[in-house]
Amino acid sequence: MTKDDNRSNDLLFAVSQWIDNAPQNEGRDPEALLWGRTAKVSEEAGEVIAALVGALGHNPRKGVHDTLEHVEYELLDVSMTALCAVAHLYSRRGQKPDLLGLLDQHIRTVAERAGVAEPRR
């Protein structure tokens, strides 16, 4: 893991903790908090679709009113939201994993299944 990976992991955990410790979440049932953190990923995905509709002009009433750069931003927001939700899962157990390492492992597994990467030995 590089120094930048460590910094990114630390920042992901800091954002996740900031959400968990927000006054609105104080005293919230742990299961409700988990549902909220997980559902947020879907909400962010909806923002991707809204940006794409706007960038491609698929709503004739509104026309083109967004950019593909905004679509990219929203896609990255989905990724960060998902990684922070994973951080939340681990923090509930008192653990702090290498989130980017978990992501790398998942990418490799999917790439192997897709046949675009050699299986690890």
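The values are calculated or read from the model by the stated rules, or taken from the named source; none is laboratory data. All of these numbers come straight from a predicted model, not from anything done at the bench. Methodologically, a virtual Cβ is constructed for each residue, glycine included, from the backbone with ideal geometry; neighbour enumeration extends over all protein chains shown. Note: accessible area is taken over every heavy atom of the protein model, side chains too, but ligands, DNA and RNA are not part of it. Shrake-Rupley method; radii C 1.70, N 1.55, O 1.52, S 1.80 Å.
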- Counting only the heavy atoms of the protein chains, how much of Leu103 is accessible to a 1.4 Å probe, in Å² to the nearest 10? 70 Å²
- Task: Please work out how much accessible surface Ser91 shows to a 1.4 Å probe, ignoring ligands, DNA and RNA, in Å² rounded to 10.
- Result: 40 Å²
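Within region 18-84, report the trypsin sites (Lys or Arg not before Pro) that DSSP leaves as loop and that have at most 11 other Cβ atoms within 10 Å.
Numbers: sites: Arg28, Arg37, Lys40, Arg61, Lys62; in loops: Arg28, Arg61, Lys62.
Filter output for region 18-84: Arg61, Lys62.
Rolling a 1.4 angstrom probe over the protein heavy atoms, how many square angstrom per residue are accessible across the chain? Could you put the intermediate results ahead of the total?
Working: 8610 Å² over 121 residues.
That works out to 71 Å² per residue.
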- Over the chain, what is the relative contact order in whole percent, taking alpha-carbon pairs under 8 Å and six or more residues apart? 27 percent
- Tell me which lysines have Cα within less than 26 Å of Lys3's Cα, excluding those fewer than 8 residues away on the same chain? Lys96
- Task: Keeping the other protein chains in place, figure out the carbon and sulfur percent of the accessible area of the chain, with a 1.4 Å probe.
- Result: 58 percent
- Mean Kyte hydropathy of 0.0 or more with a Cα span along the axis of at least 24 Å, helices from DSSP in the chain: 30-56, 68-92
- Note on the structure: For the chain, the Cα-Cα pair-distance distribution in 10 Å bins from 0, as whole percents, is 12, 30, 32, 20, 5, 0
